[in-house]
Amino acid sequence: MDLAWVSTLLSTNTTVLQASVISAVISAFVAYTFRVREHRKKLVADYDHEQRKALREIIGRAHGRLLHATNSLNYRFLNLYANHNKGWLIGGEVRRPEHYYLNSFVCRFLAVFALVRDFERQALYVDSRIASKQDLIFVKYVAALHWCMTDTELFQGLNYDTFNPVDHFFSDTLREYCEICVDENGEILSAKAMLALGDKVEPVFLFFQGLSATEDRFRWDRLVSLHLLIATFINSIGYPEHRTSREKLNKISRQIRNKKVLDNLATWLPRHGLGGDTDSKELISVCKNNCAEA
């Protein structure tokens, strides 16, 4: 605000009465200016507080459910590495009762990503730019999970057709599958209800069908990358008993067949706001070290 007129007024010869009037006017103006500034600061502070509070409430509702769902999927991945050669994911018609391993694997996957989508939808209306540091990290990890299953940058440098969703999902298509798995009350469908969805989610079942570490495809590497992110996410939001040690992260990363995928994952994380917290730093370090060993 230009206050040059105040200096001009004060330097002008005036009577005592005029000086008193001018002084009163200036005092009133200055007081008004300060009140306006303080009001603006209060509005900003109130806005920041309300936005942080709103995001904290959304995270509070999602935290326990996401921790439970990701932890369940984490254990299934560990089980897969030990048993992938037994053919438990190979079956004819998907969603049949005899294909329990395949069905339960996909339902755990869908439960995680239905929660991811539900969180994404709710957080869309909150200004996360002013979130607390820890809350912002939570938001970025959740976004990273979605990226890991949809972005073809994970396969950059490899011979992969980015326009054909064979070993990835189109972003909006994955969101559609996830939205189907949430009922009108915002609750995630049970495994039985997911299996009853039929053709609506069948492409997700087909994505996992026949999955093997020895196949000539890239979906295995994408899912192992997802596992690395899930384990790191759990390390960030979970409890001590849920932690995946660096030694175990190394073992998981060695499941990836194409080391270029590890390099892409390590390169991508800082571009999307991860790499500053302790847990994502460790993941990046694990990826880079295992790339160097290749």
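What follows is calculated from the coordinates using simple rules that are stated; it is not laboratory data. Just so you know, these numbers come straight off a predicted model, no measurement behind them. Positions of Cβ are backbone-derived with ideal geometry, glycine not excepted, and every protein chain shown enters the neighbour counts.
Here is how the numbers come out for the structure above:
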| quantity | calculated |
| --- | --- |
| Net dipole in debye of region 151-251 [+1 Lys, Arg Cβ; -1 Asp, Glu Cβ; about Cα centre; nearest 20] | 540 |
| All aspartates and glutamates inside 16 Å of Lys53 as judged from Cα atoms, apart from same-chain residues fewer than 8 positions distant | Asp127, Asp135 |
| Mean Cβ neighbour count within 10 Å, used as a protection proxy, ranking 232-243, 160-171, 217-228 highest first | 217-228, 232-243, 160-171 |
| Of Lys86/Lys281; Lys133/Lys192; Lys192/Lys281; Lys86/Lys248; Lys260/Lys281, those spanning more than 29 Å from alpha-carbon to alpha-carbon | Lys86/Lys281; Lys133/Lys192; Lys192/Lys281 |
| Length gained when the stretch His272-Glu184 is fully extended (0.36 nm per residue, less Cα-Cα span) | 28.5 nm |
